[in-house]
1. If you check T323, T309, which single one turns out to be buried (at least 24 other Cβ atoms within 10 Å of the Cβ), among the hydroxyl-bearing types (S, T, Y), part of a helix (DSSP H, G or I) and free of Cβ contacts under 8 Å to residues at least 40 places away in the same chain?
2. I197 versus (1) assigned to a helix (DSSP H, G or I); (2) touching a residue at least 12 places away in the same chain (Cβ under 8 Å): which is the lone unmet condition?
3. Quick one: I197 ticks every box in (1) over 18 Å from the mean Cα position of the chain (by Cα); (2) modelled with pLDDT of 90 or more except a single one, so which number is it?
4. I'm trying to understand the selection: among the residues of region 270-289, which are within 20 Å of T344 (Cβ to Cβ), crowded, with 20+ Cβ neighbours inside 10 Å and either small (G, A, S) or free of Cβ contacts under 8 Å to residues at least 60 places away in the same chain (or both)?
5. Which numbered condition trips up L49, out of (1) closer than 19 Å to G289 by Cβ; (2) assigned to a loop (DSSP other than H, G, I, E, B); (3) of a type outside the set (D, E, K, R); (4) touching a residue at least 24 places away in the same chain (Cβ under 8 Å)?
6. Of everything in region 200-219 that's in contact (Cβ under 8 Å) with a residue 40 or more places away in the chain and assigned to a helix (DSSP H, G or I), which residue is nearest to N137 (Cα to Cα)?
7. E363 is checked against (1) part of a helix (DSSP H, G or I); (2) in contact (Cβ under 8 Å) with a residue 60 or more places away in the chain and fails just one. What number does that condition carry?
Amino acid sequence: MLNLIWIGFFLTAFACALFQFFVGGQPDIFARLMKAGFDNAKLAFDIALGLTGVMCLWLGILKIGERVGFLDALARLLAPLFARLFPEVPPGHPALGSITMNMAANLLGLDNAATPIGIRAMTQLQTLNPDPDTASNAQILFLVINASSITLLPVTIFTYRAQLGAADPTDVFIPILMATYCSTLAGFAFVATRQRIRLDPVVLAWITGLTLCIGGLALYFAGLPPAEMAATSSLLSNFLLLSIIIAFLVAALWRQVNAYEAFIEGAKEGFQTAVTIIPYLVAMLVAIGLLRASGALAMAMEGAAQLVTAAGFDARWVDGLPTMLMKPLSGSGARAMMIETMQTSGADSFAGRLACIIQGSTETTFYVLAVYFGAVGIKRVRYAVAGGLVADLAGFAAAVVVAYLFFSNVQ
């Protein structure tokens, strides 16, 4: 799928350039495309190089949290909930432990740990599956929750915002938390309805508690004057994130964990991650740069904006459409769209912040489906794709709403 999308970007840019040359009377269009390609290749390398320090910082901090047992603590906290959400899984089955650890790792933003644990959980669920070719109820629910992706620490987004010059890279933290919660709640509601999951007191307590917390935040910020909203969100976001870091360090002292060595180990992983993403960024940013230089992206965005305006709505959210459309298909493609939006409009622009919130609102549905179901040979996915797309749609809609709620006075 990503291969076809990537080639399609080049072919569309070339076709549009031919139109500009023969019909639009722009003899320099091909030179502009080649310049855009080279410029964006250099930009991709510069961004990845600049990411190294911030990536090392955050992955080092997260490694401390992992060492002091925050992952295990989250797993113990979530265990009673997941025991009820997966009634097909017998009590004490190792799949429940793997599911809980996977969700805890996702909450902390530990993608490198979450994916292998998730594959292990899917493999263990497959041992309970009466039809190995068809996804079971438990496997579908597990996949949809993963695809909706509640993440407490969207480290990668903070890192890109810092690299691209955001005055406060973490000011999108609360909006992302709201959007990703809506995504997960919608995906869970869809699957729970299809599977007729019983909402016992424990499940209801979790849903009610989380909804009250997120809804309370939304109501509180909705009552603030627009000028204070972003500043208050930034203050709360930075306080919460710094509190998490301090909690990790205090726990390291309490448990006599060598926090410095843990940080260095995580920072090494951060360096490796920053180097690894260079080819992906070059591939996608060059393709997107050609689309923009050819005029194809501008024409598509202008057409969408005119339709939205004609319907009587504010069209600023249309700038988030490229990231929104790419997100279910490709994580690297959506990331490149987010970077390109921030590079073009500014990291602190409405469009730049909206793209970041969209990026953090859900996971890459088709990638998660391919990896998790592919690992166990599932061929018939039943309503797993529908559940993932429902979560995506809810997350995107929530991202637009919270972007206007927090940053409506930003251009």
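The values are calculated or read from the model by the stated rules, or taken from the named source; none is laboratory data. Please read all numbers here as calculations on a predicted model, not as lab measurements. Cβ atoms come from the backbone with ideal geometry, glycine included; neighbour counts cover every protein chain shown.
1. Every option except T323 fails the conditions.
2. Of (1) assigned to a helix (DSSP H, G or I); (2) touching a residue at least 12 places away in the same chain (Cβ under 8 Å), only one is false for I197: (1).
3. Evaluating I197 over (1) over 18 Å from the mean Cα position of the chain (by Cα); (2) modelled with pLDDT of 90 or more leaves (2) as the failure.
4. Within region 270-289, A287, G289 qualify.
5. Here L49 clears every test but (2).
6. If we filter region 200-219 for residues that are in contact (Cβ under 8 Å) with a residue 40 or more places away in the chain, which is where we start, we get 200, 202-203, 206, 217-218.
Filter again for assigned to a helix (DSSP H, G or I), leaving 202-203, 206, 217-218.
Values: V202: 20, V203: 17, W206: 21, L217: 33, A218: 33 Å.
Here the residue is V203.
7. Among (1) part of a helix (DSSP H, G or I); (2) in contact (Cβ under 8 Å) with a residue 60 or more places away in the chain, E363 violates only (1).
Each row is one residue, and each column tells you yes or no for (1) more than 30 Å from A386 (Cα to Cα); (2) among the charged types (D, E, K, R).
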{"position": "K268", "(1), (2)": "yes, yes"}
{"position": "V282", "(1), (2)": "yes, no"}
{"position": "A287", "(1), (2)": "no, no"}
{"position": "L290", "(1), (2)": "yes, no"}
{"position": "A304", "(1), (2)": "no, no"}
{"position": "D314", "(1), (2)": "no, yes"}
{"position": "K327", "(1), (2)": "no, yes"}
{"position": "A334", "(1), (2)": "no, no"}
{"position": "M337", "(1), (2)": "no, no"}
